[in-house]
Amino acid sequence: MTPATPFTRASRLAQLDRIAAERIMILDGAMGTEIQKFRLVEADYRGTRFADWPKELKGNNDLLNLTRPDVIRTLEQQYLEAGADILETNTFSCTRVAMADYGMESLAAELAEVGARIARTLCDEFEARDGRPRYVAGVLGPTNRSAGISPKVEDAGFRNITFDELVYDYAENARALIAGGADLLLIETIFDTLNAKAAVFAVEQVFLEDGVRFPVMISGTITDQSGRTLTGQTTEAFFNSLAHARPWSIGLNCALGARDLRGYIQELARVAPCRISVHPNAGLPNEMGGYDETPAFTSSVLREFADAGLVNVVGGCCGTTPDHIKAIADAMVGVTPHRPAPPAPTLKLSGLEPFTLTETMNFVNVGERTNVTGSAKFKKLILAGEYDAALEVARQQIEAGAVIIDINFDEGMLDAEEAMRTFLNLAAAEPAIARVPFMLDSSKWKVIETGLKCVQGKAIVNSISMKEGEEEFIRQATLVRRYGAAVIVMAFDEQGQADTVERKLSISTRAYRILVDRVGFPPEDIIFDPNIFAIATGIEEHNNYAVDFIEATRQIKATLPHTRVSGGVSNVSFSFRGNNPVREAIHAVFLYHAVQAGMDMGIVNAGALTLYSDIPPQLLERVEDVVLNRRPDAT
Ligand code: THG
């Protein structure tokens with residue numbers, strides 16, 4: 001009998017960060033292409049238990065965990081002998097949805113648990129031998145469906161899987177992997193970031209259920225030389241979308257060979273404040289579907305990555321063999337691992353492309369026109385179901401300078417959830433629109449949540465507030481975080497909307513403390529909206545509203561570190577409806593002063609913005625009287 005491992009899962013994990021700081025850790029290599037070498041036949045896959053299964057089972061490699069565990073064990077043992085520190089479980093397709101191909105949905109969890117146990121047992125044996133920890137990475141594969149793109153060319157809004165279905169499947173998968181002994185969870189070969197966001201959501205759910213957390217590794221896949229994921233994101237956009245998982249490592253695997261991944265790994269190493277992993281294919285597949293890169297070649301390329309200080313974990317994907325892993329392990333000896341970038345408290349969003357709100361940016365223009373309550377035209381199109389023309393409105397806002405678009409379907413005659421879903425699913429297929437981050441605008445939480453389940457990028461929720469009390473505020477903020485979005489917090493509490501500087505500041509401060517101290521919300525992802533109300537309405541108390549917003553902005557920016565301020569700019573001029581030249585002049589004057597006070601972003605009619613310096617002096621004088629409330633007869 002082999003002696004027992006000296007470690008518990010907790011004691012093994014307690015050493016992980018130290019080991020990863022000392023040296024580059026080795027992940028194992030391919031499973032699928034190695035299994036092929038055994039030339040297994042249908043009967044191997046079936047075993048006795050599934051002898052009468054009504055569907056063909058050949059190719060269901062995860063099923064071998066039950067029917068030919070000896071094969072999986074042999075391969076994994078070879079990888080450990082080659083020097084792997086981290087062994088991946090043979091569970092790439094252990095989700096209900098992926099197993100549905102074989103009618104084996106109900107076996108998904110069992111296969112995952114057994115897969116983890118095979119790997120853990122082997123690792124225990126190696127640990128018992130030499131006292132060196134070996135880690136089991138429970139693999140959560142991408143599934144064979146995409147929540148983010150349509151499988152039908154003629155119907156871009158169609159989806160064959162929902163976010164909620166993926167969350168259910170991934171949660172079951174994660175629970176089973178942990179039950180089987182996994183030390184880490186590895187969400188890998190991500191071609192659709194929305195699927196990965198569902199996996200992150202599910203994993204967090206399991207951690208909350210159990211009251212225990214495990215390190216999470218995330219690895220995306222770039223499908224062609226354009227450097228984008230299948231669903232069109234650039235590397236940095238991909239990272240921004242998944243940063244909320246606070247991954248132990250992030251990296252890339254599969255698809256390309258190591259050499260072609262160099263630029264993207266460098267990009268990840270630059271932007272991600274965590275460890276970096278890479279497990280490439282042994283080159284691109286040749287005409288025969290085989291892989292040609294030799295162990296010497298792959299390992300020399302990865303050695304160069306390591307010498308450049310880019311990586312913490314390296315291994316192989318399709319086409320790599322135990323010989324590749326041995327060569328890679330040898331090549332990493334003595335090379336200093338990547339030192340993760342320090343986290344920067346900066347608002348980072350994404351659509352297909354990243355958006356970072358840097359300190360030098362003057363003002364971020366959020367397009368207001370994709371709003372049924374803010375545009376008669378958009379409302380008419382949505383009510384008529386004319387989504388193509390509605391998408392054109394989004395495109396126009398972006399062309400006119402919007403770097404984010406606000407999207408709102410709050411209208412009595414509409415099913416706002418349905419409209420939000422339809423619009424976002426269609427927008428995902430339009431690169432000129434999907435390029436930018438989305439701001440999901442609704443007064444109904446359910447509508448916002450529906451939207452969050454449709455976007456692969458890092459969006460902004462518009463908005464949450466304490467109007468229904470702290471408990472609901474905390475619940476919503478926690479969910480915003482789990483969906484990986486930033487948030488606008490309105491200055492609104494149980495007493496109503498804040499209309500004085502004091503209330504705007506005190507509500508914002510109270511919200512800040514709750515979000516940062518109790519929810520663990522990153523302050524850089526908080527955007528305060530201290531309410532822009534209409535001025536010059538004829539009611540005297542309204543005359544100072546613009547000044548109050550500007551002053552509240554100044555104080556929020558001075559006292560609530562790393563946060564941002566936004567507002568709906570066109571609100572301020574509501575009483576001049578019908579007189580667009582005056583409205584635009586008011587907006588320009590308002591922004592001129594508000595931006596100086598620290599306003600970072602605003603929901604505006606992109607393209608219609610006038611420059612402060614272009615306003616004729618006489619008009620400017622009058623408009624400033626109104627906006628700055630300089631004289632009682634200003635209006
Ligand atoms: N804060 C936050 N979100 C918001 C607002 C805010 N979302 C909605 C709104 N306010 C910002 N968006 C708009 C959009 C359009 C107009 C005003 C604010 C507008 N529209 C023209 C009008 O009503 O006169 C419509 C003209 C037309 O139909 O074309 O003014 O404050 N967080």
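The values are calculated or read from the model by the stated rules, or taken from the named source; none is laboratory data. Computed from a predicted model, the values in this text were never measured in an experiment. In this analysis, Cβ positions are derived from the backbone assuming ideal geometry, glycine residues included, and neighbour counts consider all displayed protein chains.
Is it the case that residue 121 is surrounded by 19 or more Cβ atoms within 10 Å (Cβ to Cβ), out of contact with any Ser or Thr (no Cβ under 9 Å at 6 or more places or on another chain) and closer than 30 Å to residue 5 by Cα? Against the criterion (surrounded by 19 or more Cβ atoms within 10 Å (Cβ to Cβ), out of contact with any Ser or Thr (no Cβ under 9 Å at 6 or more places or on another chain) and closer than 30 Å to residue 5 by Cα), residue 121 does not qualify. No other residue among 374, 401, 367 is within 12 Å of the ligand (Cβ to nearest atom), surrounded by fewer than 23 Cβ atoms within 10 Å (Cβ to Cβ) and under 30 Å from residue 597 (Cα atoms) apart from 374. The residue that is surrounded by the fewest Cβ atoms within 10 Å (Cβ to Cβ), among those in the range 261-307 that are of a type in the set (Asp, Glu) and under 22 Å from residue 31 (Cβ atoms), is 292. Across the range 533-568, the number of residues qualifying as within 14 Å of the ligand (Cβ to nearest atom), closer than 22 Å to residue 464 by Cβ and in contact (Cβ under 8 Å) with a residue 60 or more places away in the chain comes to 4. Pairs meeting the criteria (first residue in the range 459-470 and without any contact (Cβ under 8 Å) to a residue 60 or more places away in the chain and more than 10 Å from the ligand (Cβ to nearest atom), second residue of a type in the set (Lys, Arg) and outside any helix (DSSP H, G or I), beta carbons under 9 Å, at least 6 apart or on different chains) are lacking. Residues in the range 188-235 that are of a type in the set (Asp, Glu) and farther than 25 Å from residue 151 by Cβ: 3 in all. Here the helices (runs of 4 or more DSSP H) wholly within the range 528-635 that include at least 1 residues being more than 30 Å from residue 407 (Cβ to Cβ) are 545-559, 617-627.
Scanning the range 405-429 for residues that are without any contact (Cβ under 8 Å) to a residue 60 or more places away in the chain, over 19 Å from the mean Cα position of the chain (by Cα) and surrounded by fewer than 22 Cβ atoms within 10 Å (Cβ to Cβ) yields 410, 411, 412, 413, 414, 415, 417, 418. Taking the range 569-608 as the range and being among the β-branched types (Val, Ile, Thr), away from the ligand (no atom under 13 Å from the Cβ) and surrounded by fewer than 21 Cβ atoms within 10 Å (Cβ to Cβ) as the test, only 595 passes. Kindly evaluate residue 188 against the criterion of being among the charged types (D, E, K, R), modelled with pLDDT of 95 or more and closer than 17 Å to residue 92 by Cβ. Spelling it out, residue 188 is indeed among the charged types (D, E, K, R), modelled with pLDDT of 95 or more and closer than 17 Å to residue 92 by Cβ.
Residue by residue, here is whether (1) part of a helix (DSSP H, G or I); (2) out of contact with any Phe, Trp or Tyr (no Cβ under 9 Å at 6 or more places or on another chain) holds:
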| site | (1), (2) |
| --- | --- |
| 156 | no, yes |
| 167 | yes, no |
| 174 | yes, no |
| 182 | no, no |
| 200 | yes, no |
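In the range 329-341, the residues that are without any contact (Cβ under 8 Å) to a residue 60 or more places away in the chain form no Cβ pair under 6 Å with any partner that is of a type in the set (Lys, Arg) and surrounded by 22 or more Cβ atoms within 10 Å (Cβ to Cβ), whether six or more places apart or across chains.
Screening residue 334 against (1) in a loop (DSSP other than H, G, I, E, B); (2) at pLDDT 95 or above; (3) within 26 Å of residue 256 (Cβ to Cβ) leaves a single unmet condition, (3). For the range 518-532, the tally of residues that are more than 16 Å from the ligand (Cβ to nearest atom) and of a type in the set (A, V, I, L, M) stands at 1.
Matching residues to (1) more than 24 Å from residue 16 (Cβ to Cβ); (2) without any contact (Cβ under 8 Å) to a residue 60 or more places away in the chain:
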residue: 209; (1), (2): no, yes
residue: 213; (1), (2): no, yes
residue: 217; (1), (2): no, no
residue: 222; (1), (2): yes, yes
residue: 226; (1), (2): yes, yes
residue: 231; (1), (2): yes, no
residue: 243; (1), (2): no, no
residue: 247; (1), (2): no, yes
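Scan the range 419-461 residue by residue and report those that are more than 23 Å from residue 239 (Cβ to Cβ) and polar (S, T, N, Q). Within the range 419-461, 422, 425, 442, 443, 450 meet the criteria.
For the range 229-253, the set of residues classified as within 19 Å of residue 318 (Cα to Cα) and surrounded by fewer than 23 Cβ atoms within 10 Å (Cβ to Cβ) consists of 230 only.
Of all positions in the range 351-364, none carries a residue that is over 20 Å from the mean Cα position of the chain (by Cα), surrounded by 19 or more Cβ atoms within 10 Å (Cβ to Cβ) and more than 16 Å from the ligand (Cβ to nearest atom). So is residue 34 in a helix (DSSP H, G or I), closer than 16 Å to residue 318 by Cα and modelled with pLDDT of 95 or more or not? The answer is yes for residue 34. Screening 128, 112, 108, 98 for residues that are out of contact with any His (no Cβ under 7 Å at 6 or more places or on another chain) and under 17 Å from residue 184 (Cα atoms) leaves exactly one candidate, 112. Answer with yes or no whether residue 222 is β-branched (Val, Ile, Thr) and part of a strand (DSSP E or B). Spelling it out, it is not the case that residue 222 is β-branched (Val, Ile, Thr) and part of a strand (DSSP E or B). Kindly indicate whether residue 382 is free of Cβ contacts under 8 Å to residues at least 60 places away in the same chain, within 12 Å of the ligand (Cβ to nearest atom) and surrounded by 19 or more Cβ atoms within 10 Å (Cβ to Cβ). It is false that residue 382 is free of Cβ contacts under 8 Å to residues at least 60 places away in the same chain, within 12 Å of the ligand (Cβ to nearest atom) and surrounded by 19 or more Cβ atoms within 10 Å (Cβ to Cβ). Somewhere in the range 24-38, is a residue over 19 Å from residue 173 (Cα atoms), surrounded by fewer than 22 Cβ atoms within 10 Å (Cβ to Cβ), without any contact (Cβ under 8 Å) to a residue 40 or more places away in the chain and touching a helix residue (DSSP H, G or I) at 6+ places or on another chain (Cβ under 6 Å)? Yes - at least one qualifying residue is present in the range 24-38. In the set (1) charged (D, E, K, R); (2) within 16 Å of the ligand (Cβ to nearest atom); (3) surrounded by fewer than 24 Cβ atoms within 10 Å (Cβ to Cβ); (4) under 17 Å from residue 390 (Cβ atoms), the condition left unmet by residue 441 is number (3). Within the range 124-148, being under 19 Å from the mean Cα position of the chain (by Cα) and either surrounded by fewer than 21 Cβ atoms within 10 Å (Cβ to Cβ) or not hydrophobic (A, V, I, L, M, F, W, C) (or both) holds for 141, 142, 143, 145, 146, 148.
No other residue among 481, 503 is more than 13 Å from the ligand (Cβ to nearest atom), modelled with pLDDT of 95 or more and either within 22 Å of residue 201 (Cβ to Cβ) or assigned to a loop (DSSP other than H, G, I, E, B) (or both) apart from 481.
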